[in-house]
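The values are calculated or read from the model by the stated rules, or taken from the named source; none is laboratory data. Computed from a predicted model, the values in this text were never measured in an experiment. Cβ placement follows ideal geometry from the backbone for every residue including glycine, while neighbour counts extend to all protein chains displayed.
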Amino acid sequence: MTRTAVVTGANQGLGFALTQGLATRLGPDDLVLLTGRDAERVAAAAERVAANPATRSRVAGRVLDVSDTDAVARFATDLGAVDIVLSNAVGPLDPGRPQAEQADVFLDVANAGAHAVLRSFGPILRPGGRLLVVASSLGTLGHLPEALRPRFDGVPLDDVERAVEDWRTAIHEGRAHELGWPEWINVPSKVAQVAAVRAVAAQRREQDVAESTLVAAVCPGLVDTRASRPWFADFSQAQTPDQAARAVLDLVLDDLDPSTYGELVRFGTVVPWHSGNPTRHEELIG
């Protein structure tokens with residue numbers, strides 16, 4: 001059967017490596033759609049993948065801004081059915097600017113964008129398909145202060161979205177610290193991503209597992225990219241995007257392990273949802 005794969009945030013870094021890996025490992029009749037917001041960069045990236053001698057599948061670039069909920073819905077409707085969706089898009093964060101100034105762009109892409117992908121592509125995912133949100137090991141519940149954890153634990157997607165918007169409001173009103181939100185916005189953002197996956201998976205689990213379909217969050221580990229370099233002092237253990245893509249693609253293309261369904265998976269192993277401890281920004285970035 002011909003398969004269709006979609007990768008968001010695929011112009012560069014891990015998204016590009018995931019696209020290239022899919023194009024290498026899928027068959028000649030399969031289609032890999034490389035998506036991003038900038039038409040010129042999307043076209044150039046798709047051409048690079050298509051020109052790689054190792055590429056086996058068909059590759060095409062598509063403009064998609066995941067922060068535009070309506071655009072994501074139209075994109076999914078136009079496709080009609082899909083087999084693999086990798087939600088990888090993330091907004092930029094500049095350590096030289098106050099994070100409050102960057103919160104809207106970051107949350108619109110990393111969180112509202114992931115929610116839009118889950119809502120729009122979940123219903124068109126074929127049996128046996130894969131719907132993965134690229135998150136982080138920072139996305140476990142224990143990284144939040146205890147008082148905030150009920151906002152994300154075992155709640156439906158609507159409630160996750162409401163918690164993210166309440167947090168956004170607190171940032172703009174200057175009350176985020178007072179209410180206990182971590183200083184580094186990447187932490188609650190990643191927790192919310194994993195919580196959103198868990199919320200969607202809870203509604204689909206029985207039928208999906210019966211059909212070998214996987215909905216999950218995935219942590220690729222520390223990846224040496226332009227986006228991550230400003231935030232971490234030690235890259236001695238970092239992976240290249242190509243290296244990081246391998247474990248993600250193994251999860252995509254291997255047979256379903258039911259224990260990974262709805263979970264955060266790192267290098268093939270489930271990261272317990274309630275693990276982690278609240279830590280200061282400086283401790284997280286080393």
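Being touching a Pro at 6+ places or on another chain (Cβ under 9 Å), under 19 Å from Leu249 (Cα atoms) and not charged (D, E, K, R) holds for only one residue in Val109, Val82, Val134, Val105, and it is Val134.
Right, Val109: assigned to a helix (DSSP H, G or I) and either touching a Lys or Arg at 6+ places or on another chain (Cβ under 8 Å) or closer than 24 Å to Ala210 by Cα (or both) or not? No.
Looking only at residues in region 119-130 that are within 17 Å of Thr69 (Cβ to Cβ) and in contact with a strand residue (DSSP E or B) (Cβ under 7 Å, 6 or more places away or on another chain), which one is surrounded by the fewest Cβ atoms within 10 Å (Cβ to Cβ)? It comes out as Ile124.
Does Leu34 meet the test of being touching a residue at least 40 places away in the same chain (Cβ under 8 Å) and crowded, with 20+ Cβ neighbours inside 10 Å? So Leu34 fails the test. So which residues in region 217-268 are among the β-branched types (Val, Ile, Thr), over 12 Å from Ala17 (Cα atoms) and either modelled with pLDDT under 80 or touching a Lys or Arg at 6+ places or on another chain (Cβ under 8 Å) (or both), if there are any at all? Those that are among the β-branched types (Val, Ile, Thr), over 12 Å from Ala17 (Cα atoms) and either modelled with pLDDT under 80 or touching a Lys or Arg at 6+ places or on another chain (Cβ under 8 Å) (or both): Val218, Val252.
Does Ala17 satisfy the criteria of being surrounded by fewer than 20 Cβ atoms within 10 Å (Cβ to Cβ) and assigned to a helix (DSSP H, G or I)? No; evaluated as a whole, the condition is false for this residue. Among the residues of region 93-108, those that are surrounded by fewer than 22 Cβ atoms within 10 Å (Cβ to Cβ) and within 14 Å of the chain's Cα centre (by Cα) comprise Phe106, Asp108. Inside region 131-165, residues that are surrounded by 14 or more Cβ atoms within 10 Å (Cβ to Cβ) and without any contact (Cβ under 8 Å) to a residue 40 or more places away in the chain make up a count of 3.
Counting the residues of region 131-151 that are part of a loop (DSSP other than H, G, I, E, B) and among the small types (Gly, Ala, Ser) gives 2.
Per-residue answers, yes or no, for (1) farther than 30 Å from Ala238 by Cβ; (2) out of contact with any Pro (no Cβ under 9 Å at 6 or more places or on another chain); (3) of a type in the set (Val, Ile, Thr):
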| residue | (1), (2), (3) |
| --- | --- |
| Gly128 | yes, yes, no |
| Leu144 | no, no, no |
| Phe152 | no, no, no |
| Glu183 | no, yes, no |
| Asn186 | no, yes, no |
| Gln193 | no, yes, no |
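Among the residues of region 33-77, those identified as under 24 Å from Phe106 (Cβ atoms) and in a loop (DSSP other than H, G, I, E, B) are Arg37, Asp38, Leu64, Asp65, Val66, Ser67, Asp68. Selection of region 86-108 for residues being out of contact with any strand residue (DSSP E or B) (no Cβ under 7 Å at 6 or more places or on another chain) and among the hydrophobic types (A, V, I, L, M, F, W, C) yields Ala89, Val90, Leu93, Ala100, Ala103, Val105, Phe106, Leu107. Among the residues here, Gly154 does not qualify as at pLDDT 95 or above, assigned to a loop (DSSP other than H, G, I, E, B), of a type in the set (Gly, Ala, Ser) and closer than 24 Å to Ala100 by Cα.
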